[in-house]
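Q: Below you'll find the structure I mean.
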Amino acid sequence: MTGGVLAGTVIASLINGGKEPWEGLYDPGRLGSALRSAPALLKAQWDTGKQFVKDRPDTFGDGTNGPVESPRPGEGTVVRAGGKPCAVHRDERGGLQAVSAACNHLGCLVAFNNAERTWECPCHGSRFGIDGQILQGPALEPLEPQDPAEL
Ligand code: FES
């Protein structure tokens, strides 16, 4: 909304022949800021692509990091069960909760954030609760529940 109001102010001023301090910042022909941010944008895209490829089991690794028994109480890990990546969390009483580790946005594998106690996608930042419910997008669907007894 702020951008819309600012755009309206700048455009109205330009139509009336006035000068605006933000004119250069919002000039559609500006190139300097785009060029300055290009390396960071390319690096972010490169990192996302690397993570996506790394998570494919038939490429450079299986994207998992331990057996299903490995998470200590309060922690989570990604395991592969039946060929599918599963995000497994062990609660304080030793019970296991499992959801699909494949993010529903574009398929990267989530990782457990011990500080926040959430599953987080390294590709675009989606966050999920231990039960797989969405806490933050861009993913639009929760992580699919898995039966820990089948792991
Ligand atoms: S793949 Fe984009 S947020 Fe997970």
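Q: Please name all residue pairs, on different chains or six or more residues apart, with Cβ atoms under 7 Å, provided the first residue is in the stretch 82-96 and is without any contact (Cβ under 8 Å) to a residue 40 or more places away in the chain and the second residue is of a type in the set (Lys, Arg) and open to solvent by 30 Å² or more (accessible area, probe 1.4 Å).
A: Arg90/Arg72
Q: I would also like to ask the following. In the stretch 112-140, what residues are more than 11 Å from the ligand (Cβ to nearest atom) and in a loop (DSSP other than H, G, I, E, B)?
A: Asn114, Ala115, Glu116, Arg117, Gly129, Ile130, Asp131, Gly132, Gln133 - these are the residues of the stretch 112-140 that are more than 11 Å from the ligand (Cβ to nearest atom) and in a loop (DSSP other than H, G, I, E, B).
Q: Ok, one more. Using beta carbons and a limit of 6 Å, which pairs, at least six apart or on different chains, have the first residue in the stretch 127-151 and under 19 Å from Asn114 (Cβ atoms) and assigned by TED's automatic domain parsing to the domain that holds Ala98 and the second one in a loop (DSSP other than H, G, I, E, B) and of a type outside the set (A, V, I, L, M, F, W, C)?
A: Sorted first by the residue in the stretch 127-151, then by its partner, the pairs are Gly132/Pro142; Gln133/Pro142; Leu135/Gly129; Leu143/Gly132.
Q: Let me ask something else. Against the conditions (1) within 11 Å of the ligand (Cβ to nearest atom); (2) open to solvent by less than 40 Å² (accessible area, probe 1.4 Å); (3) part of a loop (DSSP other than H, G, I, E, B), where does Gly74 fall short? Just the number, please.
A: (1)
Q: Quick check on my filter: what residues within the stretch 87-111 are within 12 Å of the chain's Cα centre (by Cα) and assigned to a strand (DSSP E or B)?
A: Across the stretch 87-111, the qualifying residues are Ala102, Leu109, Ala111.
Q: Another question about this same structure. Working carefully through the options Leu143, Leu96, find the one that is more than 9 Å from the ligand (Cβ to nearest atom) and buried (at least 19 other Cβ atoms within 10 Å of the Cβ).
A: From the options Leu143, Leu96, the qualifying one is Leu143.
The values are calculated or read from the model by the stated rules, or taken from the named source; none is laboratory data. As the structure is a prediction and not an experimental result, all values here were calculated from the model. Cβ sites come from the backbone with ideal geometry, for glycine too, and all protein chains shown count toward neighbours. The accessibility values were calculated without ligands, DNA or RNA, using every heavy atom of the protein model including side chains. Shrake-Rupley method; radii C 1.70, N 1.55, O 1.52, S 1.80 Å.
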